[in-house]
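The structure under discussion appears below in the form of structure tokens.
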Amino acid sequence: MNRPWLKQYERHVPHTIPYPAIPVHRWLLDTAAAHPDDVAISFNEIHFTYREMNDRVNRLAHAMQKMGVSKGDRIALFLVNTPTYVFGFFAAMKLGAVVVNLSVGIFGEELIRCLNESGAKMIVTLDLFAQGIYQVIGRTGLKAVILHSVYGIEKRMTFEEGVPRPLIYQELVETEDAAEPDERVLPEDDAVLQYTSGSTGSPKAAVLTHSNLVSSVLQGETWMGIRDTGNAAVMCVIPFFHVFGMSACLLSSVLKGYHMVLLPRMDLMDILSLMKSLETYKPVSFPAVPSLWAAMLSLPADETKRHLTTVRVPTSGGAPLPNWVQEKFHALTGRTIIEAYGLSEASSATHFCPFPSGGPLGSIGLPLPDTDAKIVDLENPVRECLPGEIGELVVKGPQIMKGYWNNPDLTSRVLKDGWFYTGDLGRMDQDGFFYLVDRKDDLIISSGFNIYPTEIEDVLKKHPKIKDAGVIGVPDRIKGMAIRAVVTLHEGMKGDKEEFMKFCRENMPEYRVPKSILIRGEIPRDPAGKMLRRILREEAQEG
């Protein structure tokens, strides 16, 4: 096939790379052996070297074995970025168990569904989340709960008969053996059940093998080509339960022997603390989501410049990066935020903008080494679109998932002849740079016109009073679908729907003008900042 993007690769990036046939925890063993006294983790005032990290992983793995965990069992991690997540993840890897990555933002029925669908046998969590787990535990198949006690909340809890009492992490590992567990884990074994964001439907669990994860991390590290950085720091703000955080922060750091600075909060109220950490650790790498970049670049320019100029590898993923964020970052630092595109189904990234030069504004970049990509016609997927044409983005590579957990029908619909049909609409230019347009499921067909919600959202967000916007299609008996916009306003601003409707008529064709505009407090988004249009649609159905 034609691969115009190969001509755009930086000189240090090969077209193909070798992938060792190893399980992912081999990197921890190698780094702990080569650099045992280097700092692996900093969390508040707590620090662990790589030797200490590996010892704690082994102790937890032995404790899990005594609790009946064996190869292939699913272990749910319900944790923010803390040392406990790191230890739990690698303990599961060494046992050949499968990590079920769960967002701490889910609860109730959704939590029950994820635990039951995955068949999770055990959950590792913090006492902060214990109440939510024990409200539903009787309706799940969980046999054991490992609780890291921070505030002693579990001492004040009451427990129903028949449910497993929590086992306190600190007590479990205290007397355990630190020797390596004796379990043979193969590259093709399942490693992670990674739940998708559920931006357009119910979250699904992508099955990622050890080989998928190894391939993904090596692709990203080869793309950046960073050498001789030693025990440099990496800011780990993106949750490890998100595929971007797991790959770009956790696994890449362990491969390279970096110093992981764990920041468990990703809410925008803690930006000043984050900036202080940047000043203290001067990280070589800072992967972040667009909403976090935007929040930092909204601070006074002199403060932002002082802290961000030390970051050698600034990357963004999880959602599209607004152009103004990229432009302001470049103006302040002379550098470019390297935008990436990835999916849970791809173990993280399939595309990256060139490092360090960056790509065209608004581009998601080029396919990574050993990754093929194309845009196919929506009506006839056999036909590959010409440069500039909009169609569905499909990708192929060693990082692509094995399939969806216990869902062969859905797997067969999205994986065809090795190609993964992403459901994202996009285009490729003559040089091989790719651009996203929208989700296939979000396309609005109104009066015969194909309407992309982001085109309307981009216009709405140019209004000086509008902070954020989300656009969906709602059933209409005449047009088929009508356009509904939901907007949030900047603090202290007041506006009315007619004012915003008039702005739309002045700035877009009539067929794109929303039929209705609603003003609300916030637009629902996932932890990576990706809009959850399914929630907007559900709210519309409920009236």
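The values are calculated or read from the model by the stated rules, or taken from the named source; none is laboratory data. What you are looking at is a predicted structure, and each value in this text was computed from that prediction instead of being measured. Backbone-built Cβ (ideal geometry, glycine too); neighbour counts: all protein chains shown. Side chains are part of the model used for accessible areas, which takes the heavy atoms of the whole protein and leaves out ligands, DNA and RNA. Shrake-Rupley method; radii C 1.70, N 1.55, O 1.52, S 1.80 Å.
The table below gives the values:
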{"item": "Whichever residue in the range 411-427 is over 21 Å from the mean Cα position of the chain (by Cα) and within 30 Å of Pro475 (Cβ to Cβ) and, among such residues, is most open to solvent (accessible area, probe 1.4 Å)", "result": "Arg413"}
{"item": "Residues satisfying the stated conditions in the range 384-412, i.e. farther than 21 Å from Asp441 by Cβ and touching an Asp or Glu at 6+ places or on another chain (Cβ under 9 Å)", "result": "Glu384, Pro387, Gly388, Lys396, Gly397, Pro398, Gln399, Lys402, Asn406"}
{"item": "Number of the condition not met by Leu29 [criteria: (1) surrounded by fewer than 19 Cβ atoms within 10 Å (Cβ to Cβ); (2) in a loop (DSSP other than H, G, I, E, B)]", "result": "(2)"}
{"item": "Residues of the range 316-338 classified as touching a Lys or Arg at 6+ places or on another chain (Cβ under 6 Å) and within 18 Å of Val284 (Cα to Cα), total", "result": "1"}
{"item": "The range 253-262, residues that are surrounded by fewer than 24 Cβ atoms within 10 Å (Cβ to Cβ) and in a helix (DSSP H, G or I)", "result": "Leu255, Lys256"}
{"item": "Inter-residue pairs, beta-carbon under 9 Å, first in a helix (DSSP H, G or I) and in the range 290-304, second basic (Lys, Arg), 6+ apart", "result": "Ser291/Arg525; Ala301/Lys328; Thr304/Lys328"}
{"item": "Test: residue in the range 103-121 that is touching a Gly at 6+ places or on another chain (Cβ under 7 Å), of a type in the set (Phe, Trp, Tyr) and touching a residue at least 24 places away in the same chain (Cβ under 8 Å)", "result": "yes"}
{"item": "Residues located in the range 376-408, provided they are open to solvent by 30 Å² or more (accessible area, probe 1.4 Å), at pLDDT 95 or above and either under 14 Å from Asn212 (Cβ atoms) or acidic (Asp, Glu) (or both)", "result": "Asp377, Glu384, Glu389, Lys396, Pro398, Lys402, Trp405"}
{"item": "Pairs where the first residue, in the range 508-519, is within 9 Å of Ala482 (Cα to Cα) and the second is modelled with pLDDT under 90 and of a type outside the set (Asp, Glu), C-beta under 8 Å, 6+ apart", "result": "Ser516/Lys497"}
{"item": "Index of the failed condition, Trp324 passing every other in (1) assigned to a helix (DSSP H, G or I); (2) open to solvent by less than 50 Å² (accessible area, probe 1.4 Å); (3) not polar (S, T, N, Q)", "result": "(2)"}
{"item": "Residue count, the range 508-543 (criterion: part of a helix (DSSP H, G or I) and either touching a Phe, Trp or Tyr at 6+ places or on another chain (Cβ under 9 Å) or open to solvent by less than 80 Å² (accessible area, probe 1.4 Å) (or both))", "result": "9"}
{"item": "Only listed residue being touching a residue at least 60 places away in the same chain (Cβ under 8 Å), closer than 22 Å to Asn212 by Cβ and open to solvent by 30 Å² or more (accessible area, probe 1.4 Å), chosen from Gly317, Gly342", "result": "Gly342"}
{"item": "Any strands (runs of 3 or more DSSP E) falling wholly within the range 33-106 and containing at least 3 residues that are of a type outside the set (S, T, N, Q) and buried (at least 20 other Cβ atoms within 10 Å of the Cβ)", "result": "74-78, 98-101"}
{"item": "Residue ID - most open to solvent (accessible area, probe 1.4 Å), chosen from residues in the range 428-481 that are polar (S, T, N, Q) and over 26 Å from the mean Cα position of the chain (by Cα)", "result": "Gln430"}
{"item": "Count of residues meeting criterion [in contact (Cβ under 8 Å) with a residue 12 or more places away in the chain, over 17 Å from Ala206 (Cα atoms) and among the hydrophobic types (A, V, I, L, M, F, W, C)] in the range 378-429", "result": "6"}
{"item": "Test set (1) at pLDDT 90 or above; (2) surrounded by fewer than 18 Cβ atoms within 10 Å (Cβ to Cβ) - Arg484 fails condition number", "result": "(2)"}
{"item": "Within the range 1-26, tally of residues that are open to solvent by 30 Å² or more (accessible area, probe 1.4 Å), modelled with pLDDT of 95 or more and not basic (Lys, Arg)", "result": "11"}
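Rundown of residues vs (1) open to solvent by less than 30 Å² (accessible area, probe 1.4 Å); (2) β-branched (Val, Ile, Thr); (3) in contact (Cβ under 8 Å) with a residue 60 or more places away in the chain, yes/no style:
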site: His148; (1), (2), (3): no, no, yes
site: Phe159; (1), (2), (3): no, no, no
site: Thr175; (1), (2), (3): no, yes, no
site: Asp190; (1), (2), (3): no, no, yes
site: Leu213; (1), (2), (3): yes, no, yes
site: Ser216; (1), (2), (3): yes, no, yes
site: Gly245; (1), (2), (3): yes, no, yes
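Residues are listed down the side, and each one gets a yes or a no for (1) surrounded by fewer than 21 Cβ atoms within 10 Å (Cβ to Cβ); (2) of a type in the set (Lys, Arg); (3) not in a helix (DSSP H, G or I):
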{"site": "Asp228", "(1), (2), (3)": "yes, no, yes"}
{"site": "Val234", "(1), (2), (3)": "no, no, yes"}
{"site": "Ile238", "(1), (2), (3)": "no, no, yes"}
{"site": "Ala248", "(1), (2), (3)": "no, no, no"}
{"site": "Ile271", "(1), (2), (3)": "yes, no, no"}
{"site": "Met275", "(1), (2), (3)": "yes, no, no"}
{"site": "Thr280", "(1), (2), (3)": "yes, no, no"}
